[in-house]
Amino acid sequence: MENPTATEQYLDEVRDQRNKLKTRHAQLLTRLMDERRDLRGVHALADFVDDSVRWCA
């Protein structure tokens, strides 16, 4: 496919933006969890993301 359509280009841009935001949010959540150990156990999803990021690093 040499000339992607406008819709395909738009979808690629949205995917890229979504991936950047996921990475940014994961980084910020990990930093917050490092700074505020008292938040551990407050929200299960935050704990899960923090643990996942640490295991991937």
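The values are calculated or read from the model by the stated rules, or taken from the named source; none is laboratory data. In this text the structure is predicted, and so the values were computed from the model without any measurement. Here the Cβ is made from the backbone with ideal geometry for all residues, glycine too, and neighbour counts use every protein chain on show.
See the values below:
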| quantity | calculated |
| --- | --- |
| Flag if GLU35 is modelled with pLDDT of 90 or more and surrounded by 10 or more Cβ atoms within 10 Å (Cβ to Cβ) | no |
| In region 1-32, the residues that are in a loop (DSSP other than H, G, I, E, B) and surrounded by fewer than 10 Cβ atoms within 10 Å (Cβ to Cβ) | MET1, GLU2, ASN3, THR5 |
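Each row is one residue, and each column tells you yes or no for (1) at pLDDT 90 or above; (2) of a type in the set (S, T, N, Q).
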position: GLN9; (1), (2): yes, yes
position: VAL14; (1), (2): yes, no
position: HIS43; (1), (2): no, no
position: ASP47; (1), (2): no, no
position: ARG54; (1), (2): no, no
